[in-house]
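Visitor: Supplied in structure tokens, the structure appears directly below.
The values are calculated or read from the model by the stated rules, or taken from the named source; none is laboratory data. Quick caveat, the model's predicted, so the values are computed rather than measured. Heads up, the Cβs are rebuilt from the backbone with ideal geometry, glycines too, and the neighbour counts pull from every protein chain shown.
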Amino acid sequence: MRFLFFLLIPFSIFSQSDKDIFKEIYNNSLTNGKSYEWLDYLSNNIGGRLSGSLNAERAVNWTKSELELLGLDKVWLQPVMVPKWVRGAPEFAYIESEPGKTTKVNITALGGSIATPIVGLKANVVEVKSFEELEKLGKDEIKGKIVFFNRPMDPTLIDTFKAYGGCVNQRYEGAVHAIEYQAVGVIVRSMNLKIDDLPHTGSMTYGKIPVEKRIPSAAISTKDADLLSSMLKIDNDIKFYFKQNCQQMDDVLSHNVIGELTGSEYPDEYILVGGHLDSWDIGDGSHDDGAGCVQSMEVLRLLKISGITPKRSIRVVLFMNEENGLRGGNKYAQESFKKGENHIFALESDAGAFTPRGFYFDTDESNFEQILSWKELFKPYLIHFFELGGSGADIGPLKTPNNVLSGLKPDSQRYFDHHHSANDVFETIHKRELELGAATMTALVYLIDKYGIVNKLKM
């Protein structure tokens, strides 16, 4: 019994130490945090950061300088070629119920779309909710018309990311399918559960369709999508007019921004935390993904001010071009594998700045069991969600059979009110929620650094 008692004493102290460090991390984030101040500057002094834009490069230079001020062991830029798409003059659209009688509606060009003819595009409309409906109608019903994809996000799904996933294919692939039936344009219902006047942009593709066969594509606000649908039920001969002025240009040079705290015991084992620095251009990208960037920067700062000396090398990576190409994430992974770097763990924040609920993990059973053993440490901070699932788009290319990938999971109910819209602005950020997310990420990174992972990759 005495022997068992002495065995238990170190374990008890060990566990208490983790609790104390958690408290220190959270207290520092909530009382001495930098994430909100950083996001204020990124959002309000720089603004929207579309890949290839001047603002994107301003963000690269500013975040690099801020990381240097933290006194990290290394800070550098990683070159990456990115697409450059320019929106041009604001879009304009209306519904024409009869000649001379029009109702203005709110649209925004989808990222990657071509422009309309200089005088705009006007045609009859055919409404569908799926590619299967499009196929049933066939070329005779679609040729020469604008296809209106009007499948809403499913409001019964509590996880709104699943609702988003259930309808985003019409935005991304809608033009490819519409072109097959000789449509002249595409209008897509915004990916938003809220009924409002704000159209939501996002990436779309033409696949391998040659430039001369491409058609303009735009998103319409949820409120105006409902209006257009109701008007079509009364009169399917109404017309839709829209004009947009976007342009795809040649690729340009940009950069991922990388900072590192070098490990004291295992410098060749890397822990990565990151978000994407680019955003769409119609808001300032506070939720998507300025928040993820400043939270990731804050992880390294909180470790330093909490007196934690990492055993393993911890990197913050601010990826460029997640929104319309994933060039930054792919470039980082390519260079990492080329150098033989061992990334044992990567954590991404790219789901908004709302209250953190937990994490998704992409890993094997043994590592997940270890992670679940830490769950009690998070419960005082109301972090309860630990589930197997995805991680993040930018860290996905780093996946190996032996490492652990993770994505921060904030509460998602309000996220798509802001996602890819003019409503993604700093004023919608709650300081405390943002800081709780940064602390939660830091706490997980601390545990991974301290205990490592199971069956880690042998170099």
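Visitor: May I ask you to list the residues in the range 149-160 that are buried (at least 20 other Cβ atoms within 10 Å of the Cβ) and over 14 Å from residue 127 (Cα atoms)?
Guide: Matches in the range 149-160: 153, 160.
Visitor: For the range 437-459, which positions are of a type in the set (D, E, K, R) and either crowded, with 24+ Cβ neighbours inside 10 Å or modelled with pLDDT under 95 (or both)?
Guide: Within the range 437-459, 449, 456, 458 qualify.
Visitor: Further question: Could you say which residue among 329, 307 is in contact (Cβ under 8 Å) with a residue 40 or more places away in the chain and either closer than 28 Å to residue 255 by Cα or in contact with a Phe, Trp or Tyr (Cβ under 9 Å, 6 or more places away or on another chain) (or both)?
Guide: Checking each option against the conditions leaves just 329.
Visitor: Ok, one more. I'm checking my understanding of the structure. Among residues of the range 82-113 that are part of a strand (DSSP E or B) and in contact with a Cys (Cβ under 7 Å, 6 or more places away or on another chain), which one is nearest to residue 189 (Cα to Cα)? Break it down stepwise before answering.
Guide: Just the residues of the range 82-113 that are part of a strand (DSSP E or B), to begin with: 82-86, 92-98, 101-105, 107-109, 111.
Retained after the next criterion (residues that are in contact with a Cys (Cβ under 7 Å, 6 or more places away or on another chain)): 85-86, 109.
On the way: 85: 22, 86: 22, 109: 12 Å.
Out of the qualifying residues, it is 109.
Visitor: Does at least one position in the range 408-415 carry a residue that is in the same structural domain as residue 350 (by TED's automatic domain parsing), assigned to a helix (DSSP H, G or I) and more than 12 Å from residue 354 (Cβ to Cβ)? Working first, answer last.
Guide: Taking the range 408-415 and keeping what is in the same structural domain as residue 350 (by TED's automatic domain parsing), we get 408-415.
Subset that is assigned to a helix (DSSP H, G or I): 415.
So of that shortlist, the ones also more than 12 Å from residue 354 (Cβ to Cβ) come out as none.
The answer is no, given that none of the residues of the range 408-415 is in the same structural domain as residue 350 (by TED's automatic domain parsing), assigned to a helix (DSSP H, G or I) and more than 12 Å from residue 354 (Cβ to Cβ).
Visitor: If you don't mind, another one. When residues of the range 242-266 are filtered for being surrounded by fewer than 20 Cβ atoms within 10 Å (Cβ to Cβ) and part of a strand (DSSP E or B), how many remain?
Guide: Quick first cut of the range 242-266, residues surrounded by fewer than 20 Cβ atoms within 10 Å (Cβ to Cβ) only: 245, 247-253, 262-266.
Filter once more, so that each one left must be part of a strand (DSSP E or B): 247-253, 266.
Matching residues across the range 242-266 total 8.
Visitor: Another question about this same structure. Sort out which residues of the range 417-455 are assigned to a helix (DSSP H, G or I) and under 17 Å from the mean Cα position of the chain (by Cα), and write them in order of number.
Guide: Once the filter is applied, which keeps residues that are assigned to a helix (DSSP H, G or I) and under 17 Å from the mean Cα position of the chain (by Cα), the range 417-455 yields 417, 418, 426, 428, 434, 437, 438, 441.
Visitor: Out of 77, 67, 39, report the one residue that is touching a residue at least 12 places away in the same chain (Cβ under 8 Å), out of contact with any Ser or Thr (no Cβ under 8 Å at 6 or more places or on another chain) and crowded, with 22+ Cβ neighbours inside 10 Å.
Guide: 67
Visitor: In the range 369-397, what residues are over 21 Å from residue 451 (Cβ atoms) and touching a residue at least 40 places away in the same chain (Cβ under 8 Å)?
Guide: 392, 393, 394, 396, 397
Visitor: Out of all the residues in the range 188-219, which are surrounded by 23 or more Cβ atoms within 10 Å (Cβ to Cβ), farther than 14 Å from residue 172 by Cα and touching a helix residue (DSSP H, G or I) at 6+ places or on another chain (Cβ under 7 Å)?
Guide: 192
Visitor: Within the range 375-407, can you find the residues that are assigned to a loop (DSSP other than H, G, I, E, B) and within 17 Å of the chain's Cα centre (by Cα)?
Guide: Within the range 375-407, 389, 390, 391, 392, 393, 394, 395 qualify.
Visitor: Moving to a separate point now. Being charged (D, E, K, R) and either touching a helix residue (DSSP H, G or I) at 6+ places or on another chain (Cβ under 9 Å) or modelled with pLDDT under 90 (or both) is the filter here; which residues of the range 1-20 pass it?
Guide: 2, 18, 19
Visitor: Mind telling me which of the residues 174, 120 ends up being crowded, with 20+ Cβ neighbours inside 10 Å and either more than 20 Å from the chain's Cα centre (by Cα) or not assigned by TED's automatic domain parsing to the domain that holds residue 410 (or both)?
Guide: 174
Visitor: Just name the residue that is surrounded by the most Cβ atoms within 10 Å (Cβ to Cβ) out of those in the range 343-381 that are of a type in the set (Phe, Trp, Tyr) and more than 17 Å from residue 298 (Cβ to Cβ).
Guide: If we take residues in the range 343-381 being of a type in the set (Phe, Trp, Tyr) and more than 17 Å from residue 298 (Cβ to Cβ), then 345 is surrounded by the most Cβ atoms within 10 Å (Cβ to Cβ).
Visitor: May I ask you to verify whether residue 335 is crowded, with 22+ Cβ neighbours inside 10 Å, in contact (Cβ under 8 Å) with a residue 40 or more places away in the chain and either assigned by TED's automatic domain parsing to the domain that holds residue 23 or part of a helix (DSSP H, G or I) (or both)? Talk me through it step by step, then tell me what you get.
Guide: On the way: crowded, with 22+ Cβ neighbours inside 10 Å: no; in contact (Cβ under 8 Å) with a residue 40 or more places away in the chain: yes; either assigned by TED's automatic domain parsing to the domain that holds residue 23 or part of a helix (DSSP H, G or I) (or both): yes.
Considered against the rule, which asks whether it is crowded, with 22+ Cβ neighbours inside 10 Å, in contact (Cβ under 8 Å) with a residue 40 or more places away in the chain and either assigned by TED's automatic domain parsing to the domain that holds residue 23 or part of a helix (DSSP H, G or I) (or both), residue 335 comes out as no.
Results for (1) in contact with a helix residue (DSSP H, G or I) (Cβ under 7 Å, 6 or more places away or on another chain); (2) not acidic (Asp, Glu), shown as yes or no for each residue.
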residue	(1), (2)
22	yes, yes
28	yes, yes
35	yes, yes
40	yes, no
46	yes, yes
54	no, yes
59	yes, yes
66	yes, no
69	no, yes
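Visitor: Moving to a separate point now. Can you confirm whether residue 269 is touching a residue at least 12 places away in the same chain (Cβ under 8 Å), over 20 Å from residue 331 (Cβ atoms) and either crowded, with 19+ Cβ neighbours inside 10 Å or of a type in the set (D, E, K, R) (or both)?
Guide: So residue 269 passes the test.
Visitor: Condition first: assigned to a strand (DSSP E or B) and acidic (Asp, Glu). Can you find one or more residues in the range 340-358 that meet it?
Guide: yes
Visitor: While we're on this one: Suppose the filter is in a loop (DSSP other than H, G, I, E, B) and among the aliphatic types (A, V, I, L, M); does residue 271 pass it?
Guide: no
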